[in-house]
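Engineer: Okay, handing you the structure first.
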Amino acid sequence: MTRIVSIPEFLKAGADKWPDTPWCRTPSGGVVTRSELYNDALRCAGGLKELGVNPGERVVICLPNGHDFLRAWFSIALIGAVSVAVNPASAPELPTVVRDVNARYIIAEPRAEVPTTTARIIGVSDLIDSEPTKPAEVSPDEIASLIQSSGSSGHPKFVIENHKMYTLGAEGYPYWLGIGEEDVLLTTLPLSHLNAQVYSTLGSFGCGAELILLPRFSARNFWRSVNDYGVTAFNAIGAMLEILMSRPPSPEESAHKVRICYSAPAPTPERHDEIEKRFGFRLVIGYALSETPYGLVASLQEPTVYGSMGRPRQHPVHGTINQARIADEYGERVATGQTGELQLFNPAITPGYVGSGDEKLSLTDDGWLRTGDLAYADSRNNYFFAGRIKEMIRRRGENLSAAEVEKVLDDHPSIASSAVIGVPSPLGEEDIKAFIMLQSGSQLDGAQVVSWCQDRLPPFKQPRYVEFVDTWPLTSTMKIAKKSLSRSRTQNEIDLEQ
């Protein structure tokens, strides 16, 4: 059986196999081949060694999507150091990040506005003229990066990503989506997150596909870019597809070559079907998290099971390395069709966190990752999302999932998307508040929301408050930032019980 490799081994193999074919193309930087980027990274790695950067040392990257980010990230991995990527939009957080990870260096653009920190600012231009260095011999179990995430206690945390999490995920991704040398893969997602790093960047590097790396998601220019670059596959997360669906139809959106779009589940099975029919590609649903790139994915070899997150992801060479199960609050497996916590077991699970205070990785006694997400499985081992444990709302002595209410609201033909949260109740526990964005040109009032919910939800799951919104606060990964939604009474709020 082929052994698990480190990132330096993975990069050398890709550069050796496809040295001169176009690999990564950006709007401002043109195109580079794998060998060009790899050799640039070896020189930058030499520069880091000249600065005294040691294996295992944390180096912060604060760069936008582009070739320089890849040069910096690869060079850090090539000497066995640890990258800590920060989205430039979050540059004000750099002093805290530097303190939490104990970094001596930040790789940033020469003219970037970086707050004063204890770390020294260096640019890729300061490193790339150095003598190339020999790649370090790194164990697949050693730490490759720290990915920033929000802690459940409110304190920022960094998820530890080791080399095998990257390489196993990068080898799996093209296999799950049927992507190969003839494909052109596009990402607009920030390289400070695991999705763009593992799936789009390393996934394309290791399967021979071309990568189109855009600086950010722009709904206005998205389809033009897809057509200009001949894109055949892309990843969409968070609200991206809903934003594209909310725009008026255009000739560009039907003139593309896209076969596959990889995304989280659509709000409803009907919406999944609408997206596929409007845009003319297959929407492949998957589930993963920063704690493991090996979650669930729908099978390309079978008809779509609408609403499902798929089945446990496996590896093209190592075979069945990933298991999933649904467990109750006592850790016991639940019956088929019953809801419980989704738990995963595979070799690509994080060893833990850095900078999270008292927060520890949540594993069961037998080593399964507790995802914190609710799900259920059918008789064919297809898994369905049912909400997040941390988004459970306690109302009138009952526990309910925000996702249950959101699903009912999103079924309404006038509602584009919704977000449900628990807010303080004058009677103790919580009341339900629903934030609703309407479809373009649609109208809806509080009485119509009440009527819709009364026919579809028991009384304790029906929203008490509704607030209509024109836009969503979004995270850098295009998900609705629920933490930014007001839990206080607002002037625009409608009390449905008055």
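Engineer: Tally the residues that are open to solvent by 60 Å² or more (accessible area, probe 1.4 Å), without any contact (Cβ under 8 Å) to a residue 40 or more places away in the chain and assigned to a helix (DSSP H, G or I), restricting the search to the range 10-48.
Structural biologist: Of the residues in the range 10-48, 2 are open to solvent by 60 Å² or more (accessible area, probe 1.4 Å), without any contact (Cβ under 8 Å) to a residue 40 or more places away in the chain and assigned to a helix (DSSP H, G or I).
Engineer: From Glu242, Glu291, Glu274, Glu252, grab the single residue that is charged (D, E, K, R) and touching a Leu at 6+ places or on another chain (Cβ under 7 Å).
Structural biologist: The unique qualifying residue is Glu291.
Here's the yes/no breakdown for (1) more than 23 Å from Arg71 (Cβ to Cβ); (2) out of contact with any His (no Cβ under 7 Å at 6 or more places or on another chain); (3) not hydrophobic (A, V, I, L, M, F, W, C):
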position: Thr116; (1), (2), (3): yes, yes, yes
position: Leu146; (1), (2), (3): no, yes, no
position: Pro190; (1), (2), (3): no, yes, yes
position: Asn195; (1), (2), (3): no, yes, yes
position: Cys207; (1), (2), (3): no, yes, no
position: Ala219; (1), (2), (3): yes, yes, no
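Engineer: Which pairs have Cβ atoms under 6 Å, sit 6 or more apart or on different chains, and link a residue in the range 384-399 that is under 22 Å from Tyr287 (Cβ atoms) to one that is aromatic (Phe, Trp, Tyr) and surrounded by 14 or more Cβ atoms within 10 Å (Cβ to Cβ)?
Structural biologist: Phe384/Tyr376; Ala386/Tyr376
Engineer: Using the structure shown, decide if Ala264 is crowded, with 21+ Cβ neighbours inside 10 Å and closer than 21 Å to Asp410 by Cβ.
Structural biologist: So Ala264 does not fit the description; no.
Engineer: Mind checking which residues of the range 199-238 are open to solvent by 10 Å² or more (accessible area, probe 1.4 Å), touching a helix residue (DSSP H, G or I) at 6+ places or on another chain (Cβ under 8 Å), in a helix (DSSP H, G or I) and among the small types (Gly, Ala, Ser)?
Structural biologist: Gly206
Engineer: Then there is this: Kindly check whether there is at least one residue in the range 474-481 that is modelled with pLDDT of 90 or more, buried (at least 16 other Cβ atoms within 10 Å of the Cβ), of a type in the set (Val, Ile, Thr) and closer than 19 Å to Asp411 by Cβ.
Structural biologist: Looking through the range 474-481, none of the residues is modelled with pLDDT of 90 or more, buried (at least 16 other Cβ atoms within 10 Å of the Cβ), of a type in the set (Val, Ile, Thr) and closer than 19 Å to Asp411 by Cβ.
Engineer: For the condition touching a helix residue (DSSP H, G or I) at 6+ places or on another chain (Cβ under 8 Å), open to solvent by 10 Å² or more (accessible area, probe 1.4 Å) and not β-branched (Val, Ile, Thr), what is the one hit in Glu161, Glu171?
Structural biologist: Glu171
Engineer: Looking at the range 247-261 only, could you name the residues that are open to solvent by less than 60 Å² (accessible area, probe 1.4 Å) and of a type outside the set (A, V, I, L, M, F, W, C)?
Structural biologist: Within the range 247-261, Ser250, Glu253, His256 meet the criteria.
Engineer: Can you say whether Ser488 is surrounded by fewer than 14 Cβ atoms within 10 Å (Cβ to Cβ), under 22 Å from Tyr287 (Cα atoms) and out of contact with any strand residue (DSSP E or B) (no Cβ under 6 Å at 6 or more places or on another chain), as far as the supplied structure shows?
Structural biologist: Judged against the criteria, Ser488 is not a match.
Engineer: Tally time: how many residues in the range 179-205 are within 15 Å of the chain's Cα centre (by Cα) and small (Gly, Ala, Ser)?
Structural biologist: 4
Engineer: Can you tell me which residue is most open to solvent (accessible area, probe 1.4 Å) among those in the range 85-106 that are in a loop (DSSP other than H, G, I, E, B) and at pLDDT below 95?
Structural biologist: Filtering the range 85-106 for residues that are in a loop (DSSP other than H, G, I, E, B) and at pLDDT below 95, the one most open to solvent (accessible area, probe 1.4 Å) comes out as Asn102.
Engineer: I need the full set of residues from the range 439-471 which are open to solvent by less than 50 Å² (accessible area, probe 1.4 Å), assigned to a helix (DSSP H, G or I) and among the aliphatic types (A, V, I, L, M), in order please.
Structural biologist: Scanning the range 439-471 gives Val449, Val450.
Engineer: List, please: which pairs have Cβ atoms under 8 Å, are six or more places apart or on different chains, and start with a residue in the range 49-77 that is part of a loop (DSSP other than H, G, I, E, B) and end with one that is among the basic types (Lys, Arg)?
Structural biologist: Val53/Arg104; Glu57/Arg104; Asn65/Arg216
Engineer: On to the next question. Hey, among Glu57, Glu109, which residue is surrounded by fewer than 21 Cβ atoms within 10 Å (Cβ to Cβ) and closer than 27 Å to Leu211 by Cα?
Structural biologist: The unique qualifying residue is Glu109.
Engineer: A follow-up question, please. Residues being under 23 Å from His193 (Cα atoms), part of a loop (DSSP other than H, G, I, E, B) and of a type in the set (A, V, I, L, M, F, W, C): count how many of those fall in the range 107-130.
Structural biologist: 3
Engineer: Let me ask another. Of everything in the range 270-288, what is surrounded by fewer than 17 Cβ atoms within 10 Å (Cβ to Cβ) and either polar (S, T, N, Q) or at pLDDT below 90 (or both)? Give them in sequence order.
Structural biologist: Answer for the range 270-288, where residues must be surrounded by fewer than 17 Cβ atoms within 10 Å (Cβ to Cβ) and either polar (S, T, N, Q) or at pLDDT below 90 (or both): just Glu270.
Engineer: So Ala196 ticks every box in (1) in a helix (DSSP H, G or I); (2) in contact with a Phe, Trp or Tyr (Cβ under 8 Å, 6 or more places away or on another chain); (3) not aromatic (Phe, Trp, Tyr) but one. Which box is left unticked?
Structural biologist: All conditions are met except number (2).
Engineer: Having 1 or more residues that are within 27 Å of Val423 (Cβ to Cβ) and either open to solvent by 20 Å² or more (accessible area, probe 1.4 Å) or touching a strand residue (DSSP E or B) at 6+ places or on another chain (Cβ under 6 Å) (or both) is the bar; report the strands (runs of 3 or more DSSP E) wholly within the range 289-404 that clear it.
Structural biologist: 340-345, 369-377, 383-388, 392-395, 398-401
Engineer: List every residue pair whose Cβ atoms sit under 9 Å apart, with the two residues 6 or more apart in sequence or on different chains, where the first one lies in the range 196-225 and is among the basic types (Lys, Arg) and at pLDDT 95 or above and the second, anywhere, is open to solvent by 20 Å² or more (accessible area, probe 1.4 Å) and part of a helix (DSSP H, G or I).
Structural biologist: Arg224/Glu252
Engineer: Continuing with the same structure: Where the second residue is part of a loop (DSSP other than H, G, I, E, B) and open to solvent by less than 80 Å² (accessible area, probe 1.4 Å) and the first is among the small types (Gly, Ala, Ser) and lies in the range 476-498, which pairs have Cβ atoms under 8 Å and are six or more apart or on separate chains?
Structural biologist: Final answer for the pair search is Ser476/Asn87; Ser476/Pro190; Ser476/Ser192; Ser476/His193; Ala481/Trp472; Ala481/Pro473; Ala481/Thr475; Ser484/Pro473.
Engineer: Which of the residues spanning the range 472-498 are closer than 22 Å to Pro88 by Cβ, in a loop (DSSP other than H, G, I, E, B) and hydrophobic (A, V, I, L, M, F, W, C)?
Structural biologist: Trp472, Met478, Ala481
Engineer: OK, next. Which condition from (1) aliphatic (A, V, I, L, M); (2) touching a Leu at 6+ places or on another chain (Cβ under 6 Å); (3) surrounded by 23 or more Cβ atoms within 10 Å (Cβ to Cβ) is the one that Leu194 breaks?
Structural biologist: (2)
Engineer: If we scan the range 258-273, do we find a residue that is in contact with a Phe, Trp or Tyr (Cβ under 6 Å, 6 or more places away or on another chain), of a type in the set (D, E, K, R) and assigned to a helix (DSSP H, G or I)?
Structural biologist: No, the range 258-273 contains no residue that is in contact with a Phe, Trp or Tyr (Cβ under 6 Å, 6 or more places away or on another chain), of a type in the set (D, E, K, R) and assigned to a helix (DSSP H, G or I).
The values are calculated or read from the model by the stated rules, or taken from the named source; none is laboratory data. These numbers come from a predicted model, not from an experiment. Heads up, the Cβs are rebuilt from the backbone with ideal geometry, glycines too, and the neighbour counts pull from every protein chain shown. Each accessible area value is taken on the protein alone, full model and side chains, heavy atoms only, with ligands, DNA and RNA left out. Shrake-Rupley method; radii C 1.70, N 1.55, O 1.52, S 1.80 Å.
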